Amino acid sequence: MSSDRYQKARYKGVYPVVPTIFKDDGSLDLEGQLRCVDFMIDAGSDGLSLLANFSEQFSLTDEERRILTEAILKHVAGRVPVIVTTSHYSTDLCIQRNRHAEAFGAAMVMVLPPYHGATIRCDEARVHEYFCRLSDAAGIPIMVQDAPISGTPLSAPALARMAREIEHVRYFKIESAGVAGKLRALIELGGDAIEGPWDGEESITLLPDLDAGATGAMTGGGYPDGIKAIFDAHVAGDREQAVALYQQWLPLINYENRQTGIQTSKILMKEGGIIGSDHARHPFPTAIPAIRAGLLDAARRLDPLVLRWAA
């Protein structure tokens, strides 16, 4: 990791995704939501990320997005910086979402390239223009989310050009295949214009991504204390300790990335008494009991704060 880039970055460290907490009937559980946020801050999160895909943003109404954005930002009250995902195919609607998030205290917004369904995509020129327009209307940084879910290939040269030419685009969450190699290429091509090269995808590739120069990690929300320990050891220059910790937490990270997915943090939070329900809105599949038990077994071996915070 470039210590100079890390020191200069406005936002860095571990910014786990806040899950959306529902009651068993699928309605929002705002009381549980705020307890979830308090736990994540107490677990050492450097910041929080709202309304990402791991927040089940795709199952929320626009009114629910508004309620969650305003309630959570008010409750956080500046304790940590908050990134709000505002992705939308429409440039104008994305700008509206960005302005709303900024007005209520978001430190940054995160945006996927514009897409709809499996076939409606934009080429790199249109994507560049899209982010130019978002930047012209913004007063806070914009993080580009480079993830397979959009189905939009974004080359390292295209991302580096965004950083050099678009004022508020300085942060990039890389989740496409070969993350570490792409991070290295992005940093080499973009130089100082790349303020925040970040890792994602539940930190399944955290160690090689930190080696490549990642200055931030957007992870799942169930065990920020574990991810933070790995991240901080690497930042401090103790790679051997970072490797040892990564090996220790990898079984749990793997469960989240490959088995229990979006439900992981809510299963852990329910088991620890932080929230009352780990419900995911239909038709999202519920984790089968045996897989849920395997997740909890992997977690108990590590004694994460999530299982004892509410005691």
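Equivalent ellipsoid semi-axes for the range 113-181, as square roots of 5 times the alpha carbon gyration tensor eigenvalues: give them largest first, rounded to whole Å.
19, 15, 10
Roughly how many debye, to the nearest 20, is the charge dipole of the range 199-255 about its Cα centre, given +1 on each Lys and Arg Cβ, -1 on each Asp and Glu Cβ, and no other charges?
So the dipole magnitude of the range 199-255 works out to roughly 80 debye.
For the range 78-226, what size does the Cα cloud have along each of its three principal axes, sorted from largest down, in whole Å?
If we take the Cα atoms of the range 78-226, the spans are 38, 36, 32 Å.
Please give, to one decimal in nm, the separation of the simple spin-label points placed at Tyr6 and Glu188, each 7 Å out from Cα toward the Cβ.
The modelled label-to-label distance comes out at 2.2 nm.
With r as the distance between the Cβ atoms of Asp42 and Leu93 and R0 = 30 Å, compute the FRET efficiency 1/(1 + (r/R0)^6) and round to 0.05.
0.30
Compute the distance in nm between two label points, each set 7 Å from the Cα along the Cα-to-Cβ direction, one at Arg164 and one at Ala177.
2.7 nm
Could you list Phe39, Phe231, Phe284 so that the one with the fewest beta carbons within 10 Å of its beta carbon is first and the one with the most is last?
Phe284, Phe39, Phe231
Working out 0.36 nm times the residue gap between Ile120 and Glu70, then minus their Cα-Cα distance, what length gain in nm do you get to one decimal?
14.9 nm
Cα-Cα over 19 Å: which of Lys74/Lys228; Lys23/Lys266; Lys23/Lys173?
Beyond 19 Å between Cα atoms: Lys74/Lys228; Lys23/Lys173.
Each label point is 7 Å from the Cα along the Cα-to-Cβ direction; what then is the distance between the points at Asp136 and Asp24, in nm?
For Asp136 paired with Asp24, the spin-label model returns 5.3 nm.
Neighbouring Cβ atoms within 10 Å as the yardstick, rank His116, His234, His282 fewest first.
So the residues, fewest neighbours to most, are His282, His116, His234.
Which number comes out as Rg/Rh for the range 2-60 once both Rg and the Kirkwood Rh are worked out on C-alpha atoms?
1.11
What ranking of Leu206, Leu305 emerges when the number of other C-beta atoms within 10 Å of each C-beta is taken as an exposure proxy, fewest first?
By the 10 Å Cβ count, ascending: Leu305, Leu206.
At 0.36 nm per residue, and after removing the present C-alpha to C-alpha distance, how many nm does the segment from Ala293 to Glu129 gain when stretched out fully?
Result: 54.3 nm gained on full extension.
For the range 212-282, how big is Rg over Rh, using alpha carbon atoms and the Kirkwood form of Rh?
1.04
Give me the percent of DSSP beta bridges within the chain that run antiparallel, rounded to the nearest 5.
The antiparallel fraction comes to roughly 10 percent.
Less than 14 Å Cβ to Cβ from Ala242, Lys/Arg counted +1 and Asp/Glu -1: what total charge do the surrounding residues give?
Net local charge, Ala242 excluded: -4.
Which GluC sites (Glu not before Pro) from the range 97-179 combine a DSSP loop assignment with at most 13 other Cβ atoms within 10 Å?
Filter output for the range 97-179: Glu167.
With a sphere of radius 10 Å drawn around the Cβ of Ala147, what net charge do the other residues whose Cβ falls strictly inside it have (Lys, Arg +1; Asp, Glu -1)?
Net of charged neighbours comes to -2.
Rule-based calculations on the coordinates, nothing more; no lab input. Since the model is a prediction, treat every value here as computed from it, not as a measurement. Backbone-built Cβ (ideal geometry, glycine too); neighbour counts: all protein chains shown.
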